[in-house]
């Protein structure tokens, strides 16, 4: 098989051709600045608002509460930093989880240096946040709870509605980083008591460089980027019109096809999980078995290291990712895998495969066969496996 | 990311395996950092390294440097093997990305550890060989902004 099998859709997705088609006129033909007076350009104001309305509809949100940004990281930074600034009279305490994306964790670390207090809540062995710990962490000075909708590495979906209810009961704002979940799972900001939500276009077959932050009406959040009066004076900068059009189109398609896509992905996901757990020894599924993103699979293969695994998969045309230290340029493996209690050496052997609606059963079966071969090969080279075999008197595989 | 030579030694590693009754065996690195290298040496009565094999748990660079290191010490005297530095291994591989330099250090340490084991078993002292560290980690911190 010479073609590429792309199983890294949590890293980024292919921009759908329909999305690109919708965007194209806004580069060379309808390139006007939406803030201009003449009709040639001011028509673009309307299409930007149409995209905003389409997105708002997918969340059960008010149109005015969607603010376009340059992506998930900007949205996360804005939500946290602006909340701290706006509610400093009330307090300076934030609660988050240990398995957030770095856009949240590194922002929290930055805020800690500014004197903000942050509590990082533990997760259980499946990566589900411990709600009792969350409740206990609440102080009179707590202004914000920020917990991701679903984890980017292990796919575990958090009890968002319950967290929203806890936040609401205590009069605390609730932000969720929904970068991995938006367009992949049903979300309703009112039912789930979400006050702020971050999303990114390129995770749902939209373009890169565009995202949004939902900010519930009435929140006092100030602008993060100062300048012109775009985005109701809350986010300056000429609108990324093609990006906004593309994101709006991608959100519409994602909402319309969600049910079908979830079914397809879960079927393939479960087939992949079942086959690997049955046919490969000393392997562990990371993340919750059922409460996980429909397209996410994450394994740890004992006695081998993730980067070697990725290179060998790449040689077979399979694109995947790992939480191994060697893939991050540091000596520590993924903070998420350590937070669910994996020892370092097992975290180093992790592999994430994230599917899409275009993934086929043939591809999954090809990947299983490739994995069986590669894992056996790397184990035959591993001193850890050699020691394990010697210690447990396991007959060597031929 | 990797040179062609690194990819070649990763894809077709030389001298993978164990040597039964090896003259010296050395294991370095730690699983916490994601790299463990074990080197087996078969040294004859004249002090020539007749055979060398390895097993490695680690990334592409760790496996490639292990493979190259075994090639470089094979057929050499003990004193010559001591000259196989991490720099020599890196050069033979046409370089490594900066974050992977510690893998080549691991290869050098693995040779030293195996030679140390040989010297201990035979009650001899190898000039210029110091007791290798069991654990290799650089402890460099990224600068924060």
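Derivation of every value follows stated rules applied to the coordinates shown; laboratory data play no part. Here the structure is a predicted model, which means the values were calculated and not measured. Cβ placement follows ideal geometry from the backbone for every residue including glycine, while neighbour counts extend to all protein chains displayed.
How high is the FRET efficiency from residue B:87 to residue A:316, r the C-beta distance, R0 30 Å, rounded to 0.05?
0.35
So if I take the alpha carbon set of segment B:82-123, get Rg, then get Rh from the Kirkwood formula, what is the Rg over Rh ratio?
Checking Rg against Rh, the ratio lands at 1.11.
Give me the angle, in degrees from 0 to 90, between the Cα long axis of helix A:361-380 and the longest principal axis of the Cα atoms of chain A, rounded to the nearest 10.
For helix A:361-380, the angle is close to 50 degrees.
When you count, for each residue, the other Cβ atoms within 10 Å and take the mean per peptide, how do A:333-341, A:25-33, A:148-156, B:78-86 rank with the highest first?
Per-residue mean Cβ counts within 10 Å order the peptides as A:148-156, A:333-341, B:78-86, A:25-33.
Calculated from DSSP H runs of 4 or more alone, at -39500 (n - 2.57) each and per residue, what is the 222 nm mean residue ellipticity of chain A, nearest 500?
-13000 deg cm²/dmol
Using the number of other C-beta atoms within 10 angstrom as an exposure proxy, rank A:226, A:101 with the fewest first.
Ascending Cβ contact count within 10 Å gives the list A:226, A:101.
Output the peptides A:279-286, A:215-222, B:121-128 sorted from most to least packed, where packing is the average of other Cβ atoms within 10 Å over each peptide's residues.
Sorting A:279-286, A:215-222, B:121-128 by mean packing, highest first, produces A:279-286, A:215-222, B:121-128.
Could you sort A:51-58, A:303-310, A:36-43 so that the peptide with the highest average Cβ count within 10 Å comes first and the rest follow in order?
A:303-310, A:51-58, A:36-43
Using a 10 Å cut-off on Cβ to Cβ distances, tally the other chain neighbours for every residue of A:299-309 and report the average as a whole number.
The shielding value for this peptide is 4.
Once you treat every alpha carbon in the protein assembly as shown as an equal point and sum by Debye, what is log10 I(q)/I(0) at q = 0.13 Å⁻¹?
These q points yield log10 I(q)/I(0) values of -1.22.
Can you say what percent of the DSSP beta bridges in the protein assembly as shown, counting only those with both residues inside, are antiparallel? Round to 5.
Close to 65 percent.
Using a 7 Å offset from the Cα along the Cα-to-Cβ direction at both residue A:394 and residue B:124, what is the distance between the two label points in nm, to one decimal?
3.8 nm
Where in segment B:61-97 does the amide nitrogen come within less than 12 Å of the point 7 Å from the Cα of residue B:5, taken along Cα to Cβ?
B:65, B:68-69, B:72, B:87-96
If one takes the longest principal axis of the Cα atoms in chain B, at what angle in degrees, from 0 to 90 and to the nearest 10, does the Cα axis of helix B:101-122 lie?
That works out to roughly 20 degrees.
Does anyone have the angle between helix A:72-86 and the longest principal axis of chain A? Alpha-carbon axes, 0 to 90°, nearest 10?
The helix A:72-86 is inclined about 60 degrees to chain A.
Counting partner chain Cβ atoms within 10 Å of every residue's Cβ in B:50-62, what's the average?
Average per residue, whole number: 6.
Under the √(5λ) rule applied to the eigenvalues of the Cα gyration tensor, what semi-axes describe the equivalent ellipsoid of segment A:52-166? Give them in Å, descending.
Square roots of five times the eigenvalues give 22, 19, 14 Å.
In nm, to one decimal, how far is the residue A:271 label point from the residue A:112 one, both placed 7 Å along Cα→Cβ?
4.5 nm
Please find the FRET efficiency linking residue A:229 to residue A:259, where r is the Cβ-Cβ separation and R0 is fixed at 41 Å, and quote it to the nearest 0.05.
0.55
Distance from a point 7 Å along Cα→Cβ of residue A:161 to each backbone N in segment A:118-133: keep the residues under 13 Å and list them by number.
No residues fall inside that zone.
Across peptide A:344-350, what mean number of C-beta atoms from other chains lies inside 10 Å of a residue's C-beta?
Neighbouring Cβ atoms belonging to other protein chains average 4 per residue here.
Taking neighbour counts of Cβ atoms within 10 Å as a proxy for exposure, in what order, fewest first, do A:68, A:224 appear?
By the 10 Å Cβ count, ascending: A:224, A:68.
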